[in-house]
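Below is one structure, written out as structure tokens, with a few remarks after it.
The values are calculated or read from the model by the stated rules, or taken from the named source; none is laboratory data. Note that the structure is predicted; figures quoted are calculated from it, not measured. Positions of Cβ are generated from backbone atoms using ideal geometry, with glycine treated the same way; all protein chains shown enter the neighbour counts. Only protein heavy atoms, including side chains, enter the accessible area calculation; ligands, DNA and RNA are left aside. Shrake-Rupley method; radii C 1.70, N 1.55, O 1.52, S 1.80 Å.
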Amino acid sequence: MNLITALARFLIFPGLLFAIPAAWFFLWVERKSVALMQGRIGPPFMQPFFDFIKLLGKSTPPRSGVGGLLMKLWPLIAVAAAASAVGLLPVWPSSGGFEGDLILLLALLELPSMCIIAAGFSSRSIFGEIGSAREAALSVSYNVVFLLAIVSIAASQHTFRLEALAQLPASPMHWIGLLAILVCLPAKLHINPFSLPNAEQEIYSGPMTEYAGPELAMWELSHGLEWVAATGLVATLAAPHLTLWWVAAIVFIALSFAVVLLLSAVAAATARLAIDTTVRFYWQCTLIFAVLAISSAIFMRHRS
Amino acid sequence: MCYSRRRSPWLFHMNGGSCNGCDIELIASLTPRYDAEQLGVRLEGSPRHADILCITGPVTHNAVNAIKTVYGQVCGPKAVVAIGSYPATTNVFIDSRTLDGPLNLHLPVDVFVPGCPPRPDAIIQGVAKAAAILAERAAKKLPANPVVMPLVGPPCNGACCAPTNKETTEVQS
């Protein structure tokens, strides 16, 4: 990947120019589908855009010192990381990429939640600190399963290169891994039943409690971009290998959309779990599957 | 920007010593039957995120400082909606020694939604009006000028509605 293609992927497709409208669209799909499932009409199509513009026009409370600077910085880092993660997704059939870009993608996907943890603590609000502590506990729980699932997929295909992973034929390992990733996604995106860090009304808004105006707009945007990146990762791993670029792009978007609908249905159908139940769920129930997946992947690798 | 402000009012709900009737009606306006989310209304957990402060209750001594603090925490441009007859007039508790009401002694109220409690559709109408006022004021930098919403729906079978409306107008005039 040379500099120009890298910039084109980051800025145009599937990077910022595509990802920001896609992020708003996915946020709208989530709210609208939850509303439809609850028998409501739901927000209009442009709602996330209106919210974003309105938040940009609001004032922020004056903040001084390093703490204030950090509070401005965290949402920007989160947006940059999430947008770069989207830019790394191999949507084109021969879009380049490099050895080990899966590891970079995982790191970039993890950065927004690190920023949320840091943001909650640097806001010095008691609710922010509770939310950050919850986010940290949640992140330790689901990341073990998430990373093991991805490593098992990579190990079964003998590569850490995203494009190669997307092109190889699917194995049974692949589907177990994907299932494990899907189980982790609600926690990664902070939606029900794992909406603990930003538990609305319960601890105000968790780490976001003290954020206002443009900073909050950036958090909303980074949340939307996380949706695009996480569902895009699943779509990349699940999509069949296609040579025509426009068919590949359509399949990618359709699969991402299906994942968003699935996650929204789960969010609408469930209530928030307590933090101990969540941690127990990941460490006791799903870890077994992740360990099974990775051990069988290593076993198959030795046999072949 | 003006249009976005009108289409995306985020609420923060504050109880200033209310009997919980208006609070229930405010929540009812978000339920499937009334579905205020069609107008972009979202009930926010933190006053920092909100545009419109919805206050219920007759503003008791204990609540008055909290209300002022929360009003200060809402970032501008902002609007205040007084829900029910209590924040407008203190209603049946008028001249009580435990009250510091009505609300407009302490905050610049933009919209009064009368009723005891008001119907959810009246609350939605009031919030939409407040969002329009907020957008217009932010665009033209106008001073606060309170509006009294008309009663919506059939009157509640009792003496509360008619005098409430009259008292509210009196407070305004």
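A few remarks follow.
- For the stretch A:33-98 versus the stretch A:265-291, the gap between their alpha-carbon centres in whole angstrom: 25 Å
- Looking at chain A, the accessible area is 42 square angstrom per residue; that uses a 1.4 Å probe and ignores ligands, DNA and RNA.
- Take the accessible area of B alone and of A alone, subtract that of the pair with a 1.4 Å probe, and the total buried over both chains is about 2400 Å².
- Cut-off 16 Å, label 7 Å out along Cα→Cβ of B:C19, residues of the stretch B:53-78 by amide N: B:56-60
- Amide H to amide H distances under 5 Å link B:T31 with B:A36, where only residues 5 or more positions off or on other chains count and H is placed in the peptide plane.
- Each residue of the stretch B:6-21 was assigned a 3J(HN,Hα) from its phi angle through the Karplus curve 6.51 cos²θ - 1.76 cosθ + 1.60 (θ = phi - 60°); the sequence is 5, 8, 9, x, 9, 9, 10, 9, 10, 9, x, x, 7, 7, 5, x Hz, with glycine and proline shown as x.
- Among A:A248, A:A85, A:A149, residue whose mean-square fluctuation peaks in a GNM of chain A (springs only between Cα atoms under 10 Å): A:A248
- Build a GNM of chain A with springs between Cα atoms under 10 Å apart, and of A:H174, A:H190, A:H241 the one that fluctuates most is A:H241.
- Cα gyration tensor shape for the stretch A:10-87, rounded if a/c is under 1.5, else prolate or oblate: oblate
- Chain A - percent relative contact order, Cα under 8 Å, separation 6 or more: 28 percent
- Between B:I27 and A:H241, the FRET efficiency estimated from the beta carbon spacing at R0 = 45 angstrom works out to 0.35.
- GNM flexibility winner over chain A from A:Y282, A:Y204, A:Y142 (Cα, springs under 10 Å): A:Y204
- Listing of the stretch B:1-39 residues, each with accessible area lower by at least 30 Å² in the full protein assembly than in the chain alone (probe 1.4 Å): B:M1, B:S4, B:R5, B:R7, B:S8, B:W10, B:P32, B:D35, B:E37, B:Q38
- What the Cβ-Cβ distance of A:S171 and A:I41 gives, at R0 = 35 Å and to the nearest 0.05, is a FRET efficiency of 0.20.
- Ellipticity estimate at 222 nm from DSSP helix runs (n ≥ 4, -39,500 (n - 2.57)) divided over chain A, nearest 500: -24000 deg cm²/dmol
- Taken over chain A, the ratio of Cα radius of gyration to 2.2 N^0.38 Å equals 0.99.
- Membrane-span-like helices in chain A (whole DSSP H runs, Cα extent of at least 18 Å along the helix axis, mean Kyte-Doolittle hydropathy of at least -0.5): A:16-37, A:65-88, A:101-122, A:126-157, A:172-188, A:213-238, A:245-269, A:287-303.
- The stretch A:1-108, relative contact order in percent, only Cα pairs under 8 angstrom and at least six apart counted: 36 percent
- Carbon-plus-sulfur accessible fraction, the protein assembly as shown (probe radius 1.4 Å, protein heavy atoms only): 68%.
- Out of every Cα-Cα pair that the stretch A:1-42 contains, those further apart than 16 angstrom amount to 51 percent.
- In this structure, the residue pairs whose Cα-Cα separation is over 22 Å, taken from A:K32/A:K54; A:K58/B:K140; A:K32/B:K78, are A:K32/B:K78.
- The residues of the stretch A:173-220 occluded by other protein chains by 30 Å² or more of accessible area, set against the chain on its own, are A:Q201, A:Y204, A:S205, A:T209, A:E210, A:L216, A:E220; surface from heavy atoms, 1.4 Å probe.
- Computed label-point distance, nm, for sites A:I250 and B:S96 using a 7 Å Cα→Cβ extension: 6.6 nm
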